[in-house]
Amino acid sequence: MNANDRSIVGLVMAAHAMVHTYELSIPVLIPIWLAEFEVLDVGLAQFPVNEATLGALVAVGYGLFGLGALPSGVLVDRLEARLLIVACLIGMGASFFILAVAPSPLGIGLALVVWGVAASVYHPSGLSLISRGVQKRGSAFAYHGMAGNAGIAGGPLVTILLLVLLDWRVVAGVLAVPALVAAVAAVRVDIDERAAVSATDGGGRASSDVSSLRDFLADAKVLFASAFVVVFVVTFFSGLYYRGVLTFLPELLRGFPALPTLDVGGRTFVAGDYVYVGLLTVGIVGQYAGGKLTDRYRPELGLASGYGILAVVAVLFLPAAAIGLPALLAVAGLLGFFLFAVQPFYQASVAEYTPPGKRGLSYGFTYLGVFGVGALGAVIAGTLLTYFDPEQLFLVLAGLAVGAASLGGYLSVRKPSTETG
């Protein structure tokens, strides 16, 4: 890599790690909020603070994280990607400062809304910056993914360790600082955003092909008239499963007898929190393995088999927890591995079933499905845990995985709809 490549890669790695640090640290705080607050006051009405109401609050922020991907994708073709990434970092840092001083659950909801809007800008901006500015794109995408995985596992671990020593509000304030430091560094770094395309277009800024609502609807019509619509529905199931299982998983793990709370030297250590981090860490290996397999096999087969295994894992999770610690750790490891292993399969399937000229828009819809619609998984999980039992939640999760596996099986018996496939 040349100097410009290294500068861009360093910028996107820092930002990507920050996005997922905050995303998966939120579930670690949910058990604390459930214990601290009793009433959600929205002015005209009051609601008890439970998994259902808190799940709805969290879902708004998570939903905006996905819903903002489409407009952000259009915006990045008109503004500098670095400018948008800086705004993303400042917004995420500000959201956790708001979280630190939030006086009520409604204030927590406001902080998460700010985070969702800010974080939604990142993926279109970061991926566009790599594709346009980096000569060694393959290596850049690899490092970019590794940084995201580091945030996925490292962010919750740092949050858990800080909570051993500090109040959750102080922890939220501390977590806000790295994003703001990264924003300052992003402003100061010297990069050429179009270095990788300057040889073919003279370095000028390329405007988006989507210049009006009519253009957007025409391109969307082309996508959804093809088999891409099946992949899009897969992202619904994937996002609902992902958010449904992870949002309240720390709370669920705390209730298992196999994972007691330990007092060591006057400090409290919740064993379930560390299993949660371990599960996410195993996911790094799963995502790497899934990416390698997409180079050797049709991604549709990965969708069918990966989600099929996730269905079995959902059915076995609670029985394994009842058996004891070894069985629980085994099924948790399988969950972490396959939850992230399926991601490269659906990402590759998008490329398989869309024309190259509409690839950016297709990935915008993909993020909309996974993170936007998928945010409803938090609502579903919270509602089921409030009014039913964990058994019902995991049966619903199994059903979602069966739906995704079935669609993957359907795609695997038909020919891809593009020449690339």
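The values are calculated or read from the model by the stated rules, or taken from the named source; none is laboratory data. Bear in mind that the values here come from a model prediction, so they are computed numbers and not experimental data. Using ideal geometry, Cβ is built from the backbone for each residue, glycine included, and neighbour counts are taken over all protein chains shown.
Observations, loosely collected:
- Within the range 135-186, restricting attention to residues that are more than 20 Å from the chain's Cα centre (by Cα) and of a type in the set (S, T, N, Q), the residue that is modelled with the highest pLDDT is Gln135.
- Selected residue (criterion: nearest to the chain's Cα centre (by Cα)) from residues of the range 257-298 that are surrounded by 16 or more Cβ atoms within 10 Å (Cβ to Cβ) and assigned to a loop (DSSP other than H, G, I, E, B): Arg298
- Of all residues in the range 129-142 being of a type outside the set (Val, Ile, Thr) and buried (at least 20 other Cβ atoms within 10 Å of the Cβ), the one that is nearest to Gly291 (Cα to Cα): Ala140
- Residues in the range 196-230 that are assigned to a loop (DSSP other than H, G, I, E, B) and modelled with pLDDT of 75 or more were compared, and the one that is surrounded by the most Cβ atoms within 10 Å (Cβ to Cβ) is Ala227.
- Verdict on Ser238 being part of a helix (DSSP H, G or I), within 22 Å of Gln343 (Cβ to Cβ), touching a residue at least 60 places away in the same chain (Cβ under 8 Å) and out of contact with any helix residue (DSSP H, G or I) (no Cβ under 7 Å at 6 or more places or on another chain): no
- Contact map, the range 241-263: residues that are in the same structural domain as Thr386 (by TED's automatic domain parsing) paired with residues that are among the charged types (D, E, K, R) and assigned to a helix (DSSP H, G or I), Cβ distance under 8 Å, separation 6+ or inter-chain. Pairs shown: Phe248/Glu51; Pro250/Asp273; Glu251/Glu51; Leu253/Asp273; Arg254/Asp273; Thr261/Arg254.
- Residues located in the range 376-410, provided they are surrounded by 24 or more Cβ atoms within 10 Å (Cβ to Cβ) and either modelled with pLDDT under 90 or in contact with an Asp or Glu (Cβ under 7 Å, 6 or more places away or on another chain) (or both): Gly382, Gly408
Quick grid of which residues meet (1) of a type in the set (Ser, Thr, Tyr); (2) closer than 21 Å to His20 by Cα:
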| site | (1), (2) |
| --- | --- |
| Tyr307 | yes, no |
| Val312 | no, no |
| Ala322 | no, no |
| Pro326 | no, no |
| Pro355 | no, no |
| Leu361 | no, no |
| Gly369 | no, yes |
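Matching residues to (1) touching a helix residue (DSSP H, G or I) at 6+ places or on another chain (Cβ under 6 Å); (2) without any contact (Cβ under 8 Å) to a residue 12 or more places away in the chain; (3) under 30 Å from Glu36 (Cβ atoms); (4) hydroxyl-bearing (Ser, Thr, Tyr):
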{"site": "Leu83", "(1), (2), (3), (4)": "no, yes, no, no"}
{"site": "Ile90", "(1), (2), (3), (4)": "yes, no, yes, no"}
{"site": "Ala94", "(1), (2), (3), (4)": "no, no, yes, no"}
{"site": "Leu99", "(1), (2), (3), (4)": "yes, no, yes, no"}
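- Residue match in the range 334-354 (condition: at pLDDT 95 or above, over 17 Å from the mean Cα position of the chain (by Cα) and not assigned by TED's automatic domain parsing to the domain that holds Arg132): yes
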